[in-house]
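Here the structure is laid out as structure tokens; the discussion comes afterwards.
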Amino acid sequence: MAIAGERKNVAARRDTENLMGGPPFPRAMAGLAPPEVDRALEARFPDALEYTRRLLRQPSVSATGEGIRECSELVRQMMADIGCKTRTWSKGGHPLVIGELDVGAPITLIVYEMYDVQPVGDLNAWQAPPFAAEIRDLPGVGKAIIARGSTNSKGALANHLFTWKTIRDVDEMPVNLIILAEGEEEISSANFIGYIRTHRRELKADAAIANDYSEDLRGVPTIYLGVKGCLYLTVWSRGNPQAGGPMDSEIHSSNAVWIGSPVWRLLQALNTLVDENQRPAIDGIWEDVVPPTKADSAMVKTLAKTFDPSAWLQEERTAKFKFELPKDQLLLKYLFEPTVNICGIYSGYIEHGGTKTVLPHEAYAKIDIRLVKAMTVEGTLRKLRDHLKKRGYDDLRIEVHGPYGPAKTDPESWIAKAAVEAVQANGKEPEVWPSSGGTMPAFAFDEYLKLPWVSTGLGHGSRAHAPNEYASIDGMRRFMAGEATLLYAAAKRAPKRRR
């Protein structure tokens with residue numbers, strides 16, 4: 001069995017080498033990552049690719065729990081293999097995997113990772129099985145791994161671990177690491193947030209990173225210095241004595257002439273949450289929105305010089321923006337305005353084909369509200385409830401799913417400057433974004449740990465949360481080189497302090 005397995009591994013590695021092709025491994029600029037690290041990453045890249053595919057083949061769907069326990073153990077073992085002291089932590093839900101690598105360096109980085117993924121959705125929409133991690137040649141991208149989690153974000157997790165193991169094998173690790181890999185990022189990070197909130201003394205560090213593949217289709221990488229918060233809700237409409245409608249089960253649709261529909265009631269309530277341009281219209285919500293600072297606006301003007309709206313639309317497979325605006329105005333909206341979005345609506349008979357004439361007794365919608373600076377979860381939820389009550393919709397039931405607020409980091413912080421230096425050292429000029437339209441629980445670094453943090457990374461991937469999610473293989477090569485460089489840049493730039 002062992003010999004057969006080894007033969008299979010050798011064959012897989014040979015197949016990977018044949019499929020790879022591509023340009024030589026990117027060279028880090030002299031003075032940051034040592035040349036022996038560069039050479040080792042190049043020589044070992046076929047192994048790194050198989051290492052990454054192994055993790056991607058393990059399902060880890062946090063919404064359903066599929067494969068989560070097995071994946072958490074695989075991640076823990078991968079951390080242990082590079083010399084980390086490992087453990088898992090949870091208060092219910094899915095475990096946070098913790099890896100501590102203390103090499104006695106004067107600088108410590110907290111590294112945010114995630115091993116959970118979104119559900120795969122319609123299997124028929126995938127051109128390769130979502131947990132097979134097959135390598136395909138994609139137009140405009142080149143060879144890429146198609147897999148759920150390839151770009152969001154198990155691909156980067158595996159690349160990180162392999163990069164750090166390689167550094168340890170050929171050089172001294174320049175920094176200490178505290179790796180926090182959560183299994184609930186897609187369902188609101190309850191254990192990650194809970195752990196940081198209750199273990200601040202154990203998380204003494206100099207900065208935090210949350211790096212992933214950030215290059216767009218042009219090959220331009222991004223450095224993010226902020227994220228929006230997210231208030232994720234399920235809003236239920238059910239038949240009840242106050243509002244009417246069937247209360248126990250669906251009934252014949254002929255009754256719609258004289259019995260109210262919980263479905264229409266939900267849709268009418270949702271329609272009040274946005275205006276005709278789909279901008280938030282919840283009473284008072286804009287009172288908490290703080291305009292961008294002069295520094296933010298200056299960064300956006302600089303960003304607009306290189307931002308390519310057509311490339312963005314192409315990557316998102318979308319024909320146009322909602323607004324006909326200059327690039328800087330589009331970016332200001334994207335980065336500094338809140339959103340109210342319907343993720344999905346469910347009710348009644350929804351099967352394809354056939355008919356079933358019913359008046360459903362309940363309906364629900366999944367809603368996310370993206371929060372910008374100065375907006376709070378508590379304040380926004382209160383405004384939403386007051387808005388609905390004022391319009392007679394206070395019978396709607398709202399479930400809140402692990403919300404968290406926005407976060408911002410200082411562009412003059414040493415870790416932000418180290419990130420820029422690391423990208424430039426690998427032959428790229430980054431776009432520095434004052435914030436992101438997306439969300440991650442970075443507020444915990446701000447609020448609980450008082451740490452500067454940054455989110456960046458070379459490499460390209462796309463179609464997160466959608467069918468045919470992919471990560472570029474050549475992009476993984478760049479990502480690993482960039483992450484190695486970042487550790488050495490961090491060791492050089494971090495302010496020295498007595499421990």
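One table, with the values for the structure above:
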| quantity | calculated |
| --- | --- |
| Filter result (open to solvent by less than 30 Å² (accessible area, probe 1.4 Å), over 18 Å from GLY438 (Cβ atoms) and either hydroxyl-bearing (Ser, Thr, Tyr) or at pLDDT below 95 (or both)) within segment 394-419 | SER413 |
| Filter result for ALA33 (touching a Ser or Thr at 6+ places or on another chain (Cβ under 7 Å), modelled with pLDDT under 95 and either open to solvent by 10 Å² or more (accessible area, probe 1.4 Å) or more than 24 Å from CYS343 (Cβ to Cβ) (or both)) | yes |
| Every pair of residues 6+ apart whose Cβ atoms lie under 7 Å, when the first sits in segment 376-391 and is farther than 12 Å from ASP288 by Cβ while the second is part of a helix (DSSP H, G or I) | LEU388/ALA269 |
| Residue satisfying condition, being touching a Ser or Thr at 6+ places or on another chain (Cβ under 9 Å), open to solvent by less than 10 Å² (accessible area, probe 1.4 Å) and part of a helix (DSSP H, G or I), within set GLY457, GLY482 | GLY482 |
| Residue in segment 78-87 that is in a strand (DSSP E or B) and either under 18 Å from ALA466 (Cα atoms) or in contact (Cβ under 8 Å) with a residue 12 or more places away in the chain (or both) present | yes |
| So THR439, is it among the β-branched types (Val, Ile, Thr) and closer than 24 Å to LYS204 by Cβ | no |
| Filtered residue count, segment 247-287, keeping only those that are farther than 14 Å from ARG391 by Cβ, among the aliphatic types (A, V, I, L, M) and in contact with a Leu (Cβ under 6 Å, 6 or more places away or on another chain) | 2 |
| Filtered residues of segment 437-451 (kept if surrounded by fewer than 20 Cβ atoms within 10 Å (Cβ to Cβ) and either of a type in the set (Gly, Ala, Ser) or in contact with a strand residue (DSSP E or B) (Cβ under 6 Å, 6 or more places away or on another chain) (or both)) | GLY437, GLY438, ASP446 |
| Residues located in segment 92-107, provided they are open to solvent by 40 Å² or more (accessible area, probe 1.4 Å) and out of contact with any Ser or Thr (no Cβ under 9 Å at 6 or more places or on another chain) | GLY92, VAL103, GLY104, PRO106 |
| Those residues of segment 308-330 which are within 17 Å of ASN277 (Cα to Cα) and either surrounded by 15 or more Cβ atoms within 10 Å (Cβ to Cβ) or in contact with a Pro (Cβ under 9 Å, 6 or more places away or on another chain) (or both), in sequence order | PHE321, LEU330 |
| Matching residues in segment 61-89 - criterion: being crowded, with 17+ Cβ neighbours inside 10 Å and of a type in the set (Ser, Thr, Tyr) | SER62, SER72, THR86, THR88 |
| Residue match in segment 424-437 (condition: more than 15 Å from the chain's Cα centre (by Cα) and without any contact (Cβ under 8 Å) to a residue 12 or more places away in the chain) | no |
| Check on ALA471, in contact (Cβ under 8 Å) with a residue 60 or more places away in the chain, under 28 Å from PRO106 (Cα atoms) and touching a helix residue (DSSP H, G or I) at 6+ places or on another chain (Cβ under 9 Å) | no |
| Segment 119-135 residues that are under 21 Å from CYS343 (Cα atoms), paired with ones that are modelled with pLDDT of 95 or more and outside any loop (DSSP other than H, G, I, E, B) (beta carbon under 9 Å, 6 or more apart) | PRO119/VAL61; PRO119/GLU66; VAL120/VAL61; TRP126/ILE146 |
| Filtered residue count, segment 331-348, keeping only those that are free of Cβ contacts under 8 Å to residues at least 24 places away in the same chain and open to solvent by 70 Å² or more (accessible area, probe 1.4 Å) | 1 |
| Hits in segment 108-134 - residues which are buried (at least 20 other Cβ atoms within 10 Å of the Cβ), more than 18 Å from the chain's Cα centre (by Cα) and of a type in the set (A, V, I, L, M) | LEU109, ALA133 |
| When residues of segment 142-167 are limited to those that are farther than 16 Å from ASP81 by Cβ and more than 21 Å from the chain's Cα centre (by Cα), the one surrounded by the most Cβ atoms within 10 Å (Cβ to Cβ) | LYS143 |
| Counted residues, segment 281-296 - those being without any contact (Cβ under 8 Å) to a residue 60 or more places away in the chain and either under 25 Å from the mean Cα position of the chain (by Cα) or open to solvent by 70 Å² or more (accessible area, probe 1.4 Å) (or both) | 4 |
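The values are calculated or read from the model by the stated rules, or taken from the named source; none is laboratory data. Being a predicted model, the structure only gives us computed values, none of them experimental. Backbone-built Cβ (ideal geometry, glycine too); neighbour counts: all protein chains shown. Remember, those area values only see protein heavy atoms, side chains included, never the ligands or the DNA or RNA. Shrake-Rupley method; radii C 1.70, N 1.55, O 1.52, S 1.80 Å.
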